[in-house]
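Shown next, in structure tokens, is the structure this report addresses.
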Amino acid sequence: MDHPPIALDSGPAAVAGASVAPRGGRLVSARRLPKNSVLLILPTLLFLACFLVAPYFNMLVMSFRNPSTSAVYAPGFTVANYTRALTDPYYFGVLAQTVVLGAVTTLICVLIAYPVAYHLARTSSRWKGLLYVGVLSPLLVGVVIRCYGWIILLANNGLINNAVKKLGLVKLGLPLMYNSFGVGVGLVHVFLPFMVLPILSAIQSIDPALEDAARSLGASRARTMARIVIPLSLPGIQAGAILVFVLSISAYVIPILLGALKVKLMPTLVVQLLIDAFLWPFGAALAFILAASGGIVVYLFIRATGRLMRGLR
Amino acid sequence: MTKVTISRLTKRFGTAIAVDDLSIEIGEGELVSLLGPSGCGKTTTLRSIAGFVEPDVGQILFDGVDITSLPPERRNIGMVFQNYALFPHMTVRQNLSFGLEMRRVARNEMAERIDAVLDIVQLAGLEDRYPRELSGGQQQRVALARGLVIEPAVLLLDEPLANLDAKLREEMRFFIRSLQKRVGITTVYVTHDQAEAMVISDRIVVMFDGRIRQIGDATKIYARPVSREVADFIGLSNFIDGRVKARSEDGYYLVETPLGEIRCRSELTLAAGDAALVMVRPESVRLSREPPDNPDLNGITGRVRDRFYLGNIAGYRVLCGDGSVLQVQEAPWHAGAVGDTVWCLFKSELAWIIPR
């Protein structure tokens, strides 16, 4: 309307704009990676090949070796290590206990983590930052130190037992440690953040208006949770469950410190076989069986939960 | 059909007051819009009716029954959200059946009701799609259908058209209006878009700072605003300061202004010498080369300073004797040019003294 002088001034600007356009075009084409950009992943590839693939391969070969009492292994190859591990009920029992403990730990983590994650995702409290730190705190201290903390609490003459004995609640003290309970407590405590964080981010991505909509349609809080929030946060639950399960069945320090060797689990057993019994081929076979079992359980879990999440993007 | 009564509703968030002593009665089958700038308390009012906001003071009654303490799920409301809030993990049919399941409606009746409402919103055939497979307008209609299928006592719409593009938004206004009339449901509609409110509503409630400033139909709000604030929020206006000179027998006031005498309407009883602020809408003014030729026309003379062409109208800014500028909207083919000396003519009926 009353800006004709400005309109005239835009002449040079328009020229400048025209010269920018082709540059922009070149930028777009630059996004296509040059041919030898594969070189960029070479360092990582080399690193992984040397320090992951090669040792794994070495272990795989080891697991097929003949055992020996005087050397690391005897000449020749065999599948006896695997048949022994899979047919001896002792080893199968340890494997089963490991998987069950992992599953129970995962389930307890889900039950504890979900309310925390929901609260964190939805709160507008000024303590939110502090709550985050609280959730992450298990990651801030080394796992060994945390286990010693639990030992002080759970030991036969630890804080809890002394307290209940003094109060006259029990005579002999409760078996809180050197059993699956103690190990489970340690596992849940240490791995809880790995459950909270994925669930938290899943819930944060759910529009709170969906909950309002469900309420307006006649759903109570509980039904809104069951029909809307939990189904929509399943990807977070799934991710957290996989993380916690895999970490739990392969945990070594926690079972050693809180279970001593009284709780028989695969990781401790493998280390025992390798270090104490010097049965490298058999230990290697057990390690592969544990990894494979974990993989199978995770695969079945993904299949099962995937069916529930079919409607999700 | 349900009558909604809001009585002395007040809500504070911390020290900020969102809704301040708001009372209104919404009749059976009436569509009332809450119109105001963002932060005026319209959404808080709507969410109080829905039950998502607990008022500090006041009551909300449906048909005389106090529902203030009921949770949302027990109020029998249908609500449509700005971003539709369709359940992404459910198909259209599942979205619609959700509310019916909560009401334990029998399976075959459920199917019938869903089919019927899908027909009304013209979405038949899309019931097995997921929300993400629908366009914005279709999602909008699913949200409407979901709110209607439960046959709620009250329908609440929270800026339901804000996320649609301009063309679709205009179509949907008429769609929602005719749908609401057909279903005959008492409706509260929140919007910041005045044109939307004017098209859609039986009555408009203009809100600022948590308070009701004016309630009335579109004509009343636009042509007879109660305050300068309301006049400014809805459409463009010219304001001319003056003093009452006399009142004529036919109910008009003569106001003495620096631009000359203006004959205008008022709902107030004013005495000679009272201050008066006269409002004239730009589109009420005609440009002419001749002074007014009948007593019912007011005339202000000036010189055209700017002219701009907007396709459907031509806008003029006319510089008047005392240095003030009158905004005028003329037909786009009007020939007035910058520099012309013109008369701005407007009917006495269209000049309005704003009560202060």
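The values are calculated or read from the model by the stated rules, or taken from the named source; none is laboratory data. Quantities reported herein were computed from a predicted structural model and do not represent experimental measurements. Every residue, glycine as well, gets a Cβ built from its backbone with ideal geometry; the counts of neighbours run over all protein chains shown.
Considering (1) more than 14 Å from every other protein chain (Cβ to nearest Cβ); (2) assigned to a helix (DSSP H, G or I); (3) more than 11 Å from the chain's Cα centre (by Cα); (4) of a type outside the set (A, V, I, L, M), say which one A:Lys264 fails and leave the rest.
If we test A:Lys264 against (1) more than 14 Å from every other protein chain (Cβ to nearest Cβ); (2) assigned to a helix (DSSP H, G or I); (3) more than 11 Å from the chain's Cα centre (by Cα); (4) of a type outside the set (A, V, I, L, M), just (2) comes out false.
Taking A:Met225, is it within 14 Å of chain B (Cβ to nearest Cβ) and aliphatic (A, V, I, L, M)?
yes
Out of segment A:278-313, which residues are farther than 30 Å from B:Asn95 by Cβ, surrounded by fewer than 16 Cβ atoms within 10 Å (Cβ to Cβ) and small (Gly, Ala, Ser)?
Answer for segment A:278-313, where residues must be farther than 30 Å from B:Asn95 by Cβ, surrounded by fewer than 16 Cβ atoms within 10 Å (Cβ to Cβ) and small (Gly, Ala, Ser): A:Ala292, A:Gly295.
Within segment B:54-105, which residues are crowded, with 21+ Cβ neighbours inside 10 Å, on the phi > 0 side of the Ramachandran plot and of a type outside the set (Phe, Trp, Tyr)?
Selection gives B:Ala85 alone.
Could you check segment A:71-89 and list, in sequence order, the residues that are of a type outside the set (Gly, Ala, Ser) and part of a helix (DSSP H, G or I)?
Once the filter is applied, which keeps residues that are of a type outside the set (Gly, Ala, Ser) and part of a helix (DSSP H, G or I), segment A:71-89 yields A:Asn81, A:Tyr82, A:Thr83, A:Arg84, A:Leu86, A:Thr87, A:Pro89.
Which condition number in (1) in contact with a Leu (Cβ under 7 Å, 6 or more places away or on another chain); (2) surrounded by fewer than 19 Cβ atoms within 10 Å (Cβ to Cβ) is the one that B:Ala111 fails?
Condition (1) is where B:Ala111 drops out.
Please report, ordered by residue number, the helices (runs of 4 or more DSSP H) entirely within segment A:141-206 with at least 2 residues that are farther than 13 Å from A:Pro255 by Cβ and in contact (Cβ under 8 Å) with a residue 40 or more places away in the chain.
A:143-154, A:180-204
Out of the residues in segment B:91-102 that are farther than 12 Å from A:Gly218 by Cα and within 32 Å of the chain's Cα centre (by Cα), which is farthest from the other protein chains (Cβ to nearest Cβ)?
Selected residue: B:Val92.
Yes or no: A:Pro231 within 7 Å of chain B (Cβ to nearest Cβ), out of contact with any strand residue (DSSP E or B) (no Cβ under 7 Å at 6 or more places or on another chain) and in contact (Cβ under 8 Å) with a residue 12 or more places away in the chain? I'd like the intermediate steps shown before the answer.
Working: within 7 Å of chain B (Cβ to nearest Cβ): yes; out of contact with any strand residue (DSSP E or B) (no Cβ under 7 Å at 6 or more places or on another chain): yes; in contact (Cβ under 8 Å) with a residue 12 or more places away in the chain: yes.
Yes: the conditions hold for A:Pro231.
Under 9 Å by Cβ, and 6 or more places apart or on different chains, what pairs join a residue from segment B:288-309 that is more than 14 Å from chain A (Cβ to nearest Cβ) with one that is part of a loop (DSSP other than H, G, I, E, B) and of a type in the set (D, E, K, R)?
Note: pairs meeting the criteria are B:Arg289/B:Asp340; B:Gly299/B:Glu290; B:Arg303/B:Asp340.
Among the numbered conditions (1) assigned to a strand (DSSP E or B); (2) at the interface with another protein chain (Cβ under 7 Å from one of its Cβ atoms), tell me where B:Glu73 comes up short.
(1)
So which of B:Asp241, B:Asp250, B:Asp232 is farther than 30 Å from B:Ile26 by Cβ and without any contact (Cβ under 8 Å) to a residue 12 or more places away in the chain?
On inspection, the qualifying residue turns out to be B:Asp250.
Looking only at segment B:249-292, how many residues end up being part of a strand (DSSP E or B) and under 30 Å from B:Ala335 (Cα atoms)?
Adding up the residues that qualify gives 12.
Mind checking which residues of segment A:267-310 are small (Gly, Ala, Ser), assigned to a helix (DSSP H, G or I) and more than 14 Å from chain B (Cβ to nearest Cβ)?
A:Gly283, A:Ala284, A:Ala285, A:Ala287, A:Ala291, A:Ala292, A:Ser293, A:Gly294, A:Gly295, A:Ala304
Which of the residues spanning segment B:37-56 are under 14 Å from B:Ile17 (Cβ atoms), small (Gly, Ala, Ser) and at pLDDT below 95?
If the condition is that a residue be under 14 Å from B:Ile17 (Cβ atoms), small (Gly, Ala, Ser) and at pLDDT below 95, then B:Gly39, B:Gly41 are the ones that fit.
If you go through segment A:234-261 one residue at a time, how many are outside any helix (DSSP H, G or I) and either within 14 Å of another protein chain (Cβ to nearest Cβ) or not aliphatic (A, V, I, L, M) (or both)?
2
Quick check on my filter: what residues within segment B:175-234 are polar (S, T, N, Q) and under 20 Å from B:Gly137 (Cβ atoms)?
B:Ser178, B:Gln180, B:Thr187, B:Thr191
If you take the residues in segment A:153-182 that are loosely packed, with under 11 Cβ neighbours inside 10 Å and among the basic types (Lys, Arg), which one is nearest to A:Met266 (Cα to Cα)?
Ranking the candidates gives A:Lys171 first.
Would you check if there is a residue in segment B:106-114 being touching a residue at least 24 places away in the same chain (Cβ under 8 Å) and either in a loop (DSSP other than H, G, I, E, B) or outside the structural domain of B:Gly27 (by TED's automatic domain parsing) (or both)?
No - not one qualifying residue is present in segment B:106-114.
Taking interchain pairs and intrachain pairs at least six residues apart, which have beta carbon atoms under 7 angstrom, with the first residue in segment B:51-80 and hydroxyl-bearing (Ser, Thr, Tyr) and the second part of a strand (DSSP E or B)?
Note: pairs meeting the criteria are B:Thr68/B:Gln59; B:Thr68/B:Ile60.
Are there helices (runs of 4 or more DSSP H) fully within segment B:117-222 with at least 3 residues that are of a type in the set (Lys, Arg) and over 22 Å from A:Ala209 (Cα atoms)? List them. Show your work before the answer.
Values: elements: B:136-149, B:166-183, B:194-200.
In segment B:117-222, B:166-183 are the helices (runs of 4 or more DSSP H) which contain 3 or more residues that are of a type in the set (Lys, Arg) and over 22 Å from A:Ala209 (Cα atoms).
Looking at A:Gly158, A:Gly129, A:Gly149, A:Gly168, which is the one that is at pLDDT below 90 and within 24 Å of the chain's Cα centre (by Cα)?
Within the list A:Gly158, A:Gly129, A:Gly149, A:Gly168, the selection yields A:Gly129.
Considering only segment B:114-125, how many residues are surrounded by fewer than 18 Cβ atoms within 10 Å (Cβ to Cβ) and either closer than 24 Å to B:Asn163 by Cβ or of a type in the set (A, V, I, L, M, F, W, C) (or both)?
Counting residues in segment B:114-125 that are surrounded by fewer than 18 Cβ atoms within 10 Å (Cβ to Cβ) and either closer than 24 Å to B:Asn163 by Cβ or of a type in the set (A, V, I, L, M, F, W, C) (or both) gives 5.
Is it the case that some residue within segment A:91-109 is out of contact with any Phe, Trp or Tyr (no Cβ under 9 Å at 6 or more places or on another chain), in a loop (DSSP other than H, G, I, E, B) and not acidic (Asp, Glu)?
no
Here's the yes/no breakdown for (1) more than 14 Å from every other protein chain (Cβ to nearest Cβ); (2) more than 18 Å from A:Ala219 (Cα to Cα):
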position: B:Phe81; (1), (2): no, no
position: B:Arg104; (1), (2): no, no
position: B:Leu118; (1), (2): yes, yes
position: B:Ala124; (1), (2): yes, yes
position: B:Leu157; (1), (2): no, yes
position: B:Pro160; (1), (2): no, yes
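Scan segment B:305-316 for residues that are surrounded by fewer than 19 Cβ atoms within 10 Å (Cβ to Cβ), of a type outside the set (Asp, Glu) and in contact with a Phe, Trp or Tyr (Cβ under 9 Å, 6 or more places away or on another chain) and report the count.
Quick first cut of segment B:305-316, residues surrounded by fewer than 19 Cβ atoms within 10 Å (Cβ to Cβ) only: B:305-306, B:308-313, B:315.
Still in the running and of a type outside the set (Asp, Glu): B:305, B:308-313, B:315.
Filter again for in contact with a Phe, Trp or Tyr (Cβ under 9 Å, 6 or more places away or on another chain), leaving B:305, B:308, B:315.
Matching residues across segment B:305-316 total 3.
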